[in-house]
Every structure is written in structure tokens, then in C-alpha cells.
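A.B. asks: Let me give you the structure first, and then I'll get to my questions.
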Amino acid sequence: MTPFRAAALICCLLLAAFASAARADDNTNPYKHLVDIGGGRHMNMVCTGTGSPTVVFLQGHTGDMTNWRKVREPAAAFARACFYDRAGMGYSDPSAKPMTANNVADDLHALLRAANIERPVVLVGHSLGGLFATYYVDKFPSDVSGLVLVDPSFSGQFDYTVGAEDRKIITQANDHWDSLLKTCEKLAQKGQLSKT
């Protein structure tokens, strides 16, 4: 099995698990608490623990708050820890706007206000969440008292020179990966994924 097929299989299994979890009784789901951010949209944010400042976690690329499940209890032992799903991820409503750093920052800003989260907060960003966290600090500096970056993405990280043949291989691999993810997403939405 190629690395791409193995990764696609893992993604499909994860999507199937998330689809099953989404059908669970919402009253007992510890990963669901919808907050009305206005404009007819709701975003999912769950906070646990006590303390100040509040620590807000931003996960990587297509993840949701469950990416932080092993961090949740340890973080809540010393601070108020908040985890949220970006627009269109997990239980958060999608946005009509594209997923740009600016729009992600505006969504988080609206969510913090609507959820009555006292600011300034500490942002913890992993991967693409790190890029979004640093953008948020630039746009809303008085909202943030600290920033923790875990293997963050950064502007220009893919600005490197490769030969034409390498670029072709990279593009084909990325296109293949995107196609597999879109297929998994469609199957998950139709409830047609299985764990076997």
C-alpha cells in the first residue's frame, strides 16, 4: 500500500468515526456547544477548567477540536481551556466566505465576544492553526496576552525552488490527495463509509 493510499484510508476511517459521533445524542456530547455568532451562524466552542487568562486552542488544517482531546484535561487542570471548530469543521456552521486567515480571525473574534470569553487570551496554534493564531495577534493585538506555536505553518513556507519534474510530481501527489479527501467527504456525508 502506498503512503498516499494509507493516508487516505486513515482519513476515511476518521471521517467515518466523526460521522458516527455526529449522530450521538447532543446532550451527552462533550465536544458540542454551539454559540450564536450572528448572521444566522453558530460556531462550536467547548470550555473547561478555571483560571485566567483563558487558553484558546487552534488545530491544524482540516481538524476539529477533538484533535486536542489528549490535551483537554491536562490544560483544564491549570487554566480555563477553550477548544473550537473553525467554520465548516466539526459542528460549526460553514461560512459563505473563503477560509482565509482574515476570515478565520474575524470568526474567532466574533466567537470570543459571543461566548463572553474574557480577553486577553492565550492562543495555542498547531500547524495551520499556528498561522491563523499569529494572524489573529496581528489583527487583534489587545485580545492576546500570549502565543504558543506547535509546529506552526508560516507564510511563505512553500516558497522554495524545485525543478519542473519535481513540481509536476508534487502537484500530482497533491491533486491525488485532494481527490481522495473529497471522495471520503462525499461518502461520509451520505453515510456510506464503513470501518472495514
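The values are calculated or read from the model by the stated rules, or taken from the named source; none is laboratory data. Everything quoted here is computed from the prediction, not taken from an experiment. No Cβ is skipped: glycine too gets one built from the backbone with ideal geometry, and neighbour counts run over all protein chains shown. Accessible surface areas use protein heavy atoms only, side chains included; no ligands, DNA or RNA. Shrake-Rupley method; radii C 1.70, N 1.55, O 1.52, S 1.80 Å.
A.B. asks: Carbon and sulfur atoms: what percent of the 1.4 Å accessible area of the range 58-147 do they account for?
C.D. replies: Reported share for carbon and sulfur atoms: 54 percent.
A.B. asks: Shifting gears a bit: Where the centre of each part is set by its Cα atoms, how far does the range 29-58 sit from the range 85-119, in angstrom?
C.D. replies: Measuring centre to centre over Cα atoms gives 10 Å.
A.B. asks: Something else now. If you count only protein heavy atoms with a 1.4 Å probe, what accessible area per residue comes out for the range 113-196, rounded to a whole Å²?
C.D. replies: Per-residue value: 68 Å².
A.B. asks: What ranking do 144-152, 41-49 get when scored by the average of other Cβ atoms within 10 Å per residue, highest first?
C.D. replies: Highest-to-lowest ranking by the protection proxy: 41-49, 144-152.
A.B. asks: Using only C-alpha positions, report the orientation-averaged shadow area of the convex hull of the range 93-145, nm², one decimal.
C.D. replies: That works out to 3.7 nm².
A.B. asks: Within the range 93-196, which chymotrypsin sites (Phe, Trp or Tyr not before Pro) sit in a loop by DSSP and count at most 13 neighbouring Cβ atoms inside 10 Å?
C.D. replies: Loop-located and lightly packed - PHE154, PHE158, TYR160.
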